[in-house]
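Read the figures in this text as sums done on the coordinates, not as results from a lab. Here the structure is a predicted model, which is why all the values come from computation and not from measurement. Neighbour counts run over all protein chains shown; Cβ positions are idealised from the backbone, glycine included.
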Amino acid sequence: MTATSHSARKVAPAALHVETSAQRGGTFRQRLVQRAKRDRILLVLAVPGILLLLLFRYVPLLGNVIAFQDFQPFLGIFQSSWVGLQNFSILGDAEFLNALKNTVIITLIQVVLVFPLPIVVAILLNGMLSERIKRIVQSILYMPHFLSWVMVVAITQQFLGGTGIVNSGLRGAGMQTIDLVGNQHWFLTLITSQVIWKDTGWATILFLAALSRIDIGLYEAASVDGASRWRQTWHITLPGLRSIIILLLILRLGDALNVGFEQILLQQPAVGLHASEVLDTYVYNSGIIGGNWGPAAVVGLLKGVVGVILVIGANSIAHAFGEPGLYEGRSAR
Amino acid sequence: MTTLTRSAASTPRKSRRPLLQAGMPPESLLMRVVKTVVLVLLCALVIVPFVSVVATSLADQQQITQAGGFVLWPTHPSLLAYKSLFAGGVVTRALVISLLITLVGTAISLVATGTLAYALSRPGSLGHKPLLLTVLTTLLFAPGIIPNYLIVQQLGLLNNYWSLILPVAVNGFNVIVMRAFFMDIPHELTEAARIDGAGELAVLRHVVLPLSKAVIAVIGLFYAVAYWNAFFNALLYLNDNAKWPLQLVVRTYVIQSVTLSDPLNSGPVPPTDAVQTAILVISIIPILLVYPFLQRHFAKGVLTGAVKN
């Protein structure tokens, strides 16, 4: 590390390395060796993390080749026979189509019903309370986010199951009991309520941060002009949240085909597959449990590809509307 | 972005408060009452189930039956359910397994994530761009259940506890959050240490780490909670139920209402309401214990600052 680089980095850390290596001259190879020498500790530090990511996030992608195989676990990837596109006939399968339908319905419901709730709660929280009370309420509302789905489902059963509070009340009033946790007609309501209970509080955290960034002067100016609180919320608060709302919508869209895998898997035995099978549970049930490895891998592969397309598509739409979207940071840094 | 958030969330915010109230027209009393009632109801919705679960675990069966499974205050509190759970070996064993996986996993995750985040915190260093891209791309897609299963199988990790740790040890999002935090540490501080002759590792240990307690606490909590709560990977990779962590035991006892055969042979514990809620309490307690210490860091914008980056 030279003395010039010290002083230069203080001013412009990003531009520094380019400059110095150009000044030093030498062949590309020499410069590379110099940089490697200078950054060797950083490079060593990156190794464990990068290796783990490569091994468990990139290498597994190769496993998708079994979508084109008659995969047999005891033969493995290298011995199993290739069958071309034969596995893709699964896409016409009734069970698969049912899983796809359920997935889309659950996503739509959750985007429409679940997504806006934290915005409302954040505005409620922001508007009135003293800092102290606000923090207490926040701590309480964040809490369920840290419970596992096993616990949330278990608690739900305690409350809504055959002997739970709702049915005890109904029985007490001499009315017919409803099995809320084991009834396919209630399944959508059930899982949506669970998602709301678990994650609404936590989801306010980003909106609250965005709210705290809104210029207070805007509210003052508006109230001088005689704007009511409702109008201020509509014309100042909501526009101030626009970027973060769009960002989170993009992330949600990219996740459109992931609908609470653990949550649903845990409750499938109670409601049956017709109402509760979604793409992920289908891959698990049909592929790993049922042994239809190839066709299930097709579903998993297509699901991944569609997911990436959705994120990139949603991001381009955000850019088209002049919003930073998801990738802003990549170019900025 | 990051600096903005953090400063907005700490000091200037408080001084701004009165201004906000002065600037806005006073809310009608009705609105205030409505808002308060809504927020109190929301908090009750979260708290009541917790209280009820704890109360049920302490109540006797007679009271539980009378109350129809919903107890808010045990009239004759007893630790019977807990005693019978810990008398057998299943829950104790699962608890130890879960604690070990959580401790070892969190340690490995923090080291691998922290070192990678630090390595990526200096734009312009050799290989910075491709390495950063490698991390960012993982945010876009996940390999999926079957490819994950195949790699764990190929590595010979099936039915091995490492299958619950290594595949999830590094989370790209957490790397990015930590990196953003490291990049915000004033360069003057690290430079001063370097001029004093400190090497890269010494700077990391004596300057960067002491300043990064908040982000380490939050990311550590995320990892710990993820390890503690994981149930599906254990279901997928561990086929011997003697190796099951707590979440799978909870699932069997409470959701499926089935008992597991007990290695201590003291006879299986019946899944009564009290026992079921007791095992829930056991699995919630560790989270409740660490939560208060860590939740204050959330407010400091550790997370929100990095989201944009």
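Computed quantities for the displayed model
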read-out: Pairwise FRET efficiency - A:LEU218 versus A:ILE109, Cβ, R0 = 41 Å, nearest 0.05; value: 0.75
read-out: Selected from A:ARG35, A:ARG57, A:ARG135 as most flexible by GNM, with chain A as the system and alpha-carbon contacts under 10 Å; value: A:ARG35
read-out: Distant-in-sequence amide H partners of A:GLN69 (H built 1.01 Å from N, under 5 Å); value: A:VAL83
read-out: Packing-based exposure ordering (other Cβ within 10 Å, fewest first) of A:TYR282, B:TYR82; value: B:TYR82, A:TYR282
read-out: Whole-Hz ³J(HN,Hα) from phi, Karplus 6.51 cos²θ - 1.76 cosθ + 1.60, for the range B:142-152, glycine and proline x; value: 10, x, x, 5, 5, x, 4, 4, 4, 5, 5
read-out: Debye, to nearest 20: dipole size of the protein assembly as shown, +1 on Lys, Arg Cβ, -1 on Asp, Glu Cβ; value: 2200 debye
read-out: Förster radius 35 Å - calculated FRET efficiency between A:ASP70 and B:ASN239 (Cβ-Cβ, nearest 0.05); value: 0.90
read-out: Burial ordering of B:PHE86, A:PHE74, fewest other beta-carbon atoms within 10 Å first; value: A:PHE74, B:PHE86
read-out: Estimated [θ] at 222 nm from DSSP helical runs (n ≥ 4, -39500 (n - 2.57)) normalised by residues in chain A, nearest 500; value: -20000 deg cm²/dmol
read-out: Quarter of Cα convex hull surface for the range A:151-230, i.e. mean projection, nm²; value: 8.8 nm²
read-out: Signed unit charges on C-beta, dipole axis of the range A:177-294, positive-most listed residue A:TRP293, A:LEU249, A:ILE236; value: A:ILE236
read-out: Paramagnetic label zone (point 7 Å from Cα along Cα-to-C-beta, B:VAL258; backbone N under 20 Å) in the range B:146-167; value: B:159
read-out: Rg and Dmax of the range A:193-333, Cα atoms only, in Å; value: 20.9, 69
read-out: Length added when fully stretched, A:SER89-A:SER316, from 0.36 nm per residue minus Cα-Cα; value: 78.5 nm
read-out: Chain A: DSSP helices with Cα axial extent of at least 24 Å and average Kyte-Doolittle hydropathy no lower than -1.0; value: A:187-212, A:293-320
read-out: For a label point 7 Å along the Cα-to-beta-carbon line of A:LEU170, residues of the range A:271-286 with backbone N under 18 Å; value: A:271-272
read-out: Greater than 20 Å apart at Cα, pairs in A:LYS101/A:LYS303; A:LYS198/B:LYS83; A:LYS134/B:LYS35; value: A:LYS198/B:LYS83
read-out: Length released on extending from A:THR189 to A:ARG231, taking residue separation times 0.36 nm less the Cα-Cα span; value: 11.8 nm
read-out: Residue-averaged beta-carbon neighbours from other chains (10 angstrom radius) around A:216-228; value: 3
read-out: Cβ-derived FRET efficiency at R0 25 Å, B:THR75 paired with B:TYR291, nearest 0.05; value: 0.30
read-out: Ranked A:ASP39, B:ASP240, A:ASP70, criterion: other C-beta atoms within 10 Å, fewest first; value: B:ASP240, A:ASP70, A:ASP39
read-out: Tensor-based shape of the protein assembly as shown (alpha-carbon gyration tensor, a/c under 1.5 rounded, otherwise prolate or oblate); value: oblate
read-out: The range B:98-206: proportion of alpha-carbon pairs further apart than 16 angstrom, %; value: 68 percent
read-out: Charge dipole of the range B:17-155 about the Cα centre (unit charges at C-beta), most positive-ward option of B:LEU39, B:PRO147, B:PHE86; value: B:PRO147
